[in-house]
Protein chains: 2
Amino acid sequence: MRKLFLALLLISTQVFSQSEDEKQLKKIYTTSLTNGQSYEWLDHLSNQIGGRLSGSLNAERAVRYTKGQLDSLGLDRVWLQPVMVPKWVRGAPEFAYVETKPGVTTNVPICALGGSIATPDGGLKAEVIEVKGIEELEKLGREAIEGKIVFFNRPMQADLINTFEAYGGCVDQRYSGAREAGKYGAVGIIVRSMNLRLDDLPHTGAMSYGDLPVQHRVPAAAISTNGAELLSSLLTLNPDLQFYFRQTCKQFKDVQSYNVIGEIRGSEYPNEIMVVGGHLDSWDLGDGSHDDGAGCVQSMEVLRLLKETGYRPKRTIRVVLFMNEENGLRGGNEYAKVAKSKGENHVFALESDSGGFTPRGFSFDCSDENFAQVQKWKSLFEPYLIHYFKKGGSGADIGPLKNDGIVLAGLRPDSQRYFDYHHAENDTFDAINKRELELGAATMTALIYLFDKYGTIMPKKVKG
Amino acid sequence: MRKLFLALLLISTQVFSQSEDEKQLKKIYTTSLTNGQSYEWLDHLSNQIGGRLSGSLNAERAVRYTKGQLDSLGLDRVWLQPVMVPKWVRGAPEFAYVETKPGVTTNVPICALGGSIATPDGGLKAEVIEVKGIEELEKLGREAIEGKIVFFNRPMQADLINTFEAYGGCVDQRYSGAREAGKYGAVGIIVRSMNLRLDDLPHTGAMSYGDLPVQHRVPAAAISTNGAELLSSLLTLNPDLQFYFRQTCKQFKDVQSYNVIGEIRGSEYPNEIMVVGGHLDSWDLGDGSHDDGAGCVQSMEVLRLLKETGYRPKRTIRVVLFMNEENGLRGGNEYAKVAKSKGENHVFALESDSGGFTPRGFSFDCSDENFAQVQKWKSLFEPYLIHYFKKGGSGADIGPLKNDGIVLAGLRPDSQRYFDYHHAENDTFDAINKRELELGAATMTALIYLFDKYGTIMPKKVKG
C-alpha cells in the first residue's frame, strides 16, 4: 500500500513537474515575443556601432555597450576578461578586373580575406589558373602554377540540405588556399565566395599562411559568385587572360580586448557553471547582425528572460560574449584557460553562432546519457516548432571547454539564408526578423532552464 | 516454411520499397535544388509581369505565360478553364492625414481595402473612434459612432507561434469592419494592417459589405502599423482630432478570366485525380511573389520534377493555377463545380499558399486512416528537415473539393516572416530565397509521389 502510494506520488510529481515546465516555457516564449529586449540591443549593436572586427574601435565600443547593458540587468556579477587579439585592417577598398585583351577590362567585386597580406602598392597582375580544390595543385605542379594567380572555384554543394555542411565542404579553399598555392610559386589567390546564391557580393573570412615562410606568402582575396562565374567563362574563352587586383590590408600588433561576462549565481549549486554565449567580434564588411550580433543579444536575453519570468536558477548561469571568434578564437581559448586555472566546474555551454533565423533545435556534443535526457524534453519544445535535436557539433567559442562531463550545445536555426549574408556587406540589421531572433532567444532560455532544473548527468568514473 | 518464406519476401519487399522511396525523394530534392525551374518562373511572373489582381491585364498576361510554360513541359493535356471574376481597380494612390488642430497635419500611409468604395472626390474628413474589435461597436452604439471614422486597432497577437493563427484572430476587422460599422452610421473605417512588424507599409486585403444596403456602405482603408500606433497615441492626446483620407477605387463589371490547368495522365488509375495548385491572382501593391506566385511555380514544378526524375504517376496529376483567390474564390469554386458536373473523382488535393519560405511540413484535412498513412512517411521526410504533419486546414482554393473521401493538404512553410510581406508593396521577388522556394517544391513533389504510389484510403461505405 505504501509502495503504491509512493508510486502514485512519484507519478503525480512528474505530471506536476511536466506541467510546471510547460508553463515556464510558455512564459519564456511569451515574454520574449511580447516584451523582448534582444531586437533593440541588436539594433544598437548593428546600427549605432556596426562591424566589430577584432582590435577595431567598434569592437571596443561593443565591449563597453554590452557591459553597460549587462550592468543594467541586475545580475550578480558583470566583468571584463582581458584577452589579447590580432588586429588586421582592410585598408582602402579592394579593386580588381579581368583583362581579356590589353586594355579590354571588366571590373569584378573582390575583398581581401582576413589575415591576407596586401598586394604590391600598384596591385598585382598575372595569368590565372582555375582549380576546383587544393588537391589539384599537386597534380598541376609548380610548372603550371608558378607566377600565376590560382583561382579556387569549387562552389558550395547546392543539394545539401544543411548549408553549413556545404560550407564545410568548401572553406578549405579560403582558409588554406593561399598557404598551399604559395608552396607552388603562385603570386596570389582568388577564392569563389562561400555563398550559395549568385550575386555580386564578395564574402570575406579567415585564412592562414600557417608556418609558410614569409617570402612564399601571397595576397588572397574572395570574388563574388557572379564574378567567379564570369571569370571562369572568360578563362574558357581565353586561358591567357590576365587578372589584376589591389588590396592594402595589413596586420598590426596584437591589441588588448575583452570577453564580456555576466552571471546569475546559482542558488543551490553555485559552483556548477552553465555558459551561454555568442561572439562579439564580427567581420568588417557588414554590421555583423547575423554573425554574430544575433547570438550575443540572444545570450544576453537568456539571463534577462530567466529573471523576467521569475526563475531563480540553481546553478550559476553565465553569459559570455566572446571576442575574436572570426580570426583567432582568442576569446574562447582564453575563457577556457582561465576557467581551468581557477578550477571552475563547467557543466554546460550553449552557443548561438548560426544566424538569427527561425530556430529549429540544437546540436549536442555530449555523452549518450545527457543526450537521452534531452530527447525526453522534445515534447516540451513541440508547441514552438522546435524539433531538431541531434548529436554533432556545438560552437567554436565553447569548444575549448570540452571535457568528458560537459554538455556542449549549439542553437540550430534554419540555415537556408545564412550564407547569403555570411561575412558579406549585406549582413546587416534589415536582414534580421524580430520574431525569429526572439524565438531563438526563447528556445535557448528554455534549454538552459531545463538543464539548470534537472542538471546534467556526470560520467561514471572509470575504476582504476 | 512456405509461410516463413512469404513473410521474408514481404519484409524484403517493404525494405526495398522504403529504400526506393528514399532514393526517389533524394532525386526529387536534388533535382529541385540543382536543376530547378521554379525560381526562374517566379522571376518572370514577378519581375516581367508583376501584381496580378483579378480582372487586370497582368492577370491575363500571367494566364498566358503560365499556360505557355505548361505547354512546354510535354504534359498530356494543358487547358484554360473559363471563370468570370470581379474587377476592382485601386485608382490613384490613396492619401491620408491626421489633423490634430486645424491646419496641423501628419501624413500617414494607407491603402484602400479590396472591394471598398471610393471616398467622395474631395476625400472624407471626420472624427475618429478607436476600437479593438467589432464587438465593441454594439456597446458603443450609434450615438458614439455616427458620423465618425471607426479605427479598428486590434494588433496581431505576437505570442502565437503560428502567425496564421494571429492573422485569423484579427482579420475580421478588415473583412467585416466596414459592414458592421456602416450599420451604426460610421462614415468610413480605417483598419490596422495585418502585420506583426512595426513599419510604414499598409497591407490591403479583401473586405465585404455583405448585403448591407448601398447607402450604408462606407469607404475602408488599411493603415500601416506605425501609422496605427501614431493615430492611437494622438487620439489619447486629442480625442477630437480629425482624420482625412481619399481613395478613388472602383468596382467594375465581372470580366472573363481563367484557371490554368495541366495534367499528366495516370498510367494505372487515370480516373483518380490528384490536384496540386496555388492561386495565380495576387494583390496589386507588390508583385505577389510570396502570395501566391511561389505556390504557382512550386505547383508547376511538381509536375516537372515528376517527369524530370523519371517517375510515371499511376494516377492523374493535375496542376491548377486558380484565378481570383484573393477577392472572390471564383476559380476554386468553378473548378470544383466543373469537376462535380463531369463526375470526376478527386482523391487528393494539395495547395501551397503560405509563402515561399522554408517548408516545415503539411497540414491535412482528411480521414484518420489517411492521416495515419502520412505519419508512416515521416521518416522519409526527416533528412529534409520536414517534421510538421498535423491535422487542420489545407487551402482556400481546394476547399470546395472537400468530401468524405478526399485528402486535402496545405504546404506549411515557416510562417514568421509571412505577414511582413502579405498584401503589401514589399511582397516582391527579392523577398524570395531560391533554396527555400525549391525546398518547398521538392517537399510538395515528395508528398504527391507518395500518395500517388500508395494511393489514398477510401472511406468504408456506411451500410444502409
Exercise for review: Would you mind stating whether residue B:412 is within 14 Å of chain A (Cβ to nearest Cβ), part of a strand (DSSP E or B), open to solvent by 30 Å² or more (accessible area, probe 1.4 Å) and not aliphatic (A, V, I, L, M)?
Suggested key: yes
Exercise for review: Mind listing whichever residues of segment A:304-356 are open to solvent by 10 Å² or more (accessible area, probe 1.4 Å) and assigned to a helix (DSSP H, G or I)?
Suggested key: A:304, A:307, A:308, A:330, A:333, A:334, A:336, A:337, A:338, A:340, A:341
Practice item. For segment A:232-246, indicate whether the set of residues that are touching a Cys at 6+ places or on another chain (Cβ under 6 Å) and open to solvent by 10 Å² or more (accessible area, probe 1.4 Å) is non-empty. Key: no
Review point. Residues that are of a type in the set (A, V, I, L, M, F, W, C) and open to solvent by less than 50 Å² (accessible area, probe 1.4 Å): which helices (runs of 4 or more DSSP H) entirely in segment B:125-209 hold 2 or more of them?
Key: B:135-145, B:171-183
Review point. Would a scan of segment B:270-288 turn up a residue that is outside any loop (DSSP other than H, G, I, E, B), outside the structural domain of residue B:36 (by TED's automatic domain parsing) and either under 20 Å from residue B:396 (Cβ atoms) or without any contact (Cβ under 8 Å) to a residue 24 or more places away in the chain (or both)?
Key: no
Exercise for review: Restrict the check to segment A:353-368 and report whether at least one residue is free of Cβ contacts under 8 Å to residues at least 12 places away in the same chain and either within 13 Å of chain B (Cβ to nearest Cβ) or among the acidic types (Asp, Glu) (or both).
Suggested key: yes
Check your understanding: Limited to segment A:182-209, what total is found for residues that are touching a strand residue (DSSP E or B) at 6+ places or on another chain (Cβ under 9 Å) and farther than 28 Å from residue A:396 by Cα?
Key -> 4
Review point. When the residues of segment B:388-409 are filtered to those that are open to solvent by less than 40 Å² (accessible area, probe 1.4 Å), of a type outside the set (S, T, N, Q) and part of a loop (DSSP other than H, G, I, E, B), which remaining residue is nearest to the other protein chains (Cβ to nearest Cβ)?
Key: B:393
Study note, to complete from the structure: Taking segment B:23-78 and the residues there that are in contact with a strand residue (DSSP E or B) (Cβ under 6 Å, 6 or more places away or on another chain), within 21 Å of residue B:312 (Cα to Cα) and assigned to a loop (DSSP other than H, G, I, E, B), the one that is most open to solvent (accessible area, probe 1.4 Å) would be B:76
Exercise for review: Given the conditions (1) outside the structural domain of residue B:267 (by TED's automatic domain parsing); (2) within 30 Å of residue B:194 (Cβ to Cβ), report the number of the one that residue B:460 does not fulfil.
Suggested key: (2)
Point to revise | Check on residue A:235, out of contact with any Ser or Thr (no Cβ under 8 Å at 6 or more places or on another chain) and outside any strand (DSSP E or B) | key: yes
Revision key, fill the gap. Within segment B:214-233, residues aliphatic (A, V, I, L, M) and either in contact with a helix residue (DSSP H, G or I) (Cβ under 9 Å, 6 or more places away or on another chain) or not assigned by TED's automatic domain parsing to the domain that holds residue B:191 (or both) come out as B:218, B:220, B:222, B:223
Check your understanding: Are any residues in segment A:369-387 away from chain B (no Cβ under 14 Å) and not in a helix (DSSP H, G or I), and if so, which ones?
Key -> A:377
Study note, to complete from the structure: Looking across segment B:45-60 at residues that are touching a residue at least 60 places away in the same chain (Cβ under 8 Å) and either among the aliphatic types (A, V, I, L, M) or not assigned by TED's automatic domain parsing to the domain that holds residue B:286 (or both), the single one that is farthest from residue B:90 (Cα to Cα) is B:45
Point to revise | Selection count where residues are under 23 Å from the mean Cα position of the chain (by Cα) and open to solvent by 70 Å² or more (accessible area, probe 1.4 Å), scope segment A:424-464 | key: 3
Exercise for review: Give the residues of segment B:34-77 that are of a type in the set (A, V, I, L, M, F, W, C) and closer than 30 Å to residue B:285 by Cα, sorted by residue number.
Suggested key: B:41, B:42, B:45, B:49, B:53, B:57, B:59, B:62, B:63, B:70
Check your understanding: Does segment B:415-453 hold any residues that are more than 14 Å from chain A (Cβ to nearest Cβ), in a helix (DSSP H, G or I), touching a helix residue (DSSP H, G or I) at 6+ places or on another chain (Cβ under 7 Å) and of a type outside the set (A, V, I, L, M, F, W, C), and which are they?
Key -> B:445, B:449
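The values are calculated or read from the model by the stated rules, or taken from the named source; none is laboratory data. Note that the structure is a prediction, hence the values are computed from the model and not measured. Cβ: placed from backbone, ideal geometry, glycine included. Neighbour counts: every protein chain shown. Keep in mind that these areas ignore ligands, DNA and RNA; they rest on the heavy atoms of the full protein, side chains included. Shrake-Rupley method; radii C 1.70, N 1.55, O 1.52, S 1.80 Å.
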